[in-house]
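Some notes on the structure that comes next.
The values are calculated or read from the model by the stated rules, or taken from the named source; none is laboratory data. Fair warning: this is a prediction, and the values are worked out from it, not measured in the lab. Cβ coordinates were reconstructed from backbone atoms using ideal geometry, including for glycine residues, and neighbour counts include every protein chain displayed.
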Amino acid sequence: MPIQKQITEAERIERAIKRHLEKYPPGGRPSTKKIACFPTFSGDTEEELMANFTAYLSALGKITRGNKRLGRKALIASLVMDFGILKKQGITLPRHKHLSKKAIGYGLGDTLRKHGLTIHSDKLITTNSRIRLSIAKNHCSLFTRISDAVEKKIPP
């Protein structure tokens with residue numbers, strides 16, 4: 001019986017807290033809930049998997065204060081995987097304010113939309129060169145860093 005009383009008392013307190021928060025919400029900007037994304041890698045062989053992982057670590061950089069790439073680990077992992085596929089297909093990797101049409105067709109557009117780097121469809125990105133140029137300019141340093149890491153670490 002005492003456990004039942006404790007449970008009902010806890011539920012009563014929870015309801016009171018909920019009513020209080022509805023009546024008096026906390027001040028300030030409302031919190032935005034982000035979906036947690038974790039870096040994932042895949043490969044046909046263990047060597048390919050390790051090459052992808054070392055390219056990821058190279059693109060991510062040192063774990064030091066001020067490294068803003070550490071907050072975008074899932075994005076960098078996805079881009080490393082996509083750039084590795086592009087390299088295997090013989091497509092020019094995005095870098096130095098250049099993004100090819102063929103790169104969008106091999107899944108790069110899906111990755112960019114998934115991580116919020118663009119809102120445009122693959123068809124619109126491939127047909128409109130201004131949109132491709134704006135995406136390439138906005139993410140030039142990120143694309144260049146990942147391209148350099150993939151070129152050095154992943155064999156053709």
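Within the range 89-99, is there a residue that is out of contact with any helix residue (DSSP H, G or I) (no Cβ under 8 Å at 6 or more places or on another chain) and not in a helix (DSSP H, G or I)?
First pass over the range 89-99, keeping only residues out of contact with any helix residue (DSSP H, G or I) (no Cβ under 8 Å at 6 or more places or on another chain): 90.
Within this subset, residues satisfying the condition of being not in a helix (DSSP H, G or I) are 90.
So far as the range 89-99 goes, yes, one or more of its residues are out of contact with any helix residue (DSSP H, G or I) (no Cβ under 8 Å at 6 or more places or on another chain) and not in a helix (DSSP H, G or I).
Is one or more of the residues making up the range 18-34 part of a helix (DSSP H, G or I) and closer than 19 Å to residue 111 by Cβ?
Restricting attention to the range 18-34, the residues satisfying the condition of being part of a helix (DSSP H, G or I) are 18-23.
Subsequent filtering for residues that are closer than 19 Å to residue 111 by Cβ retains none.
There is no residue in the range 18-34 that is part of a helix (DSSP H, G or I) and closer than 19 Å to residue 111 by Cβ.
Modelled with pLDDT under 85, charged (D, E, K, R) and loosely packed, with under 14 Cβ neighbours inside 10 Å: is that true of residue 23 in this structure?
Taking the combined requirement at face value, the residue does not satisfy it.
Give me the pairs: first residue in the range 62-88 and of a type in the set (Phe, Trp, Tyr), second residue part of a helix (DSSP H, G or I) and modelled with pLDDT of 90 or more, beta-carbon distance under 6 Å, and six or more apart or on different chains, which are they?
So the pair list comes out as 83/146; 83/150.
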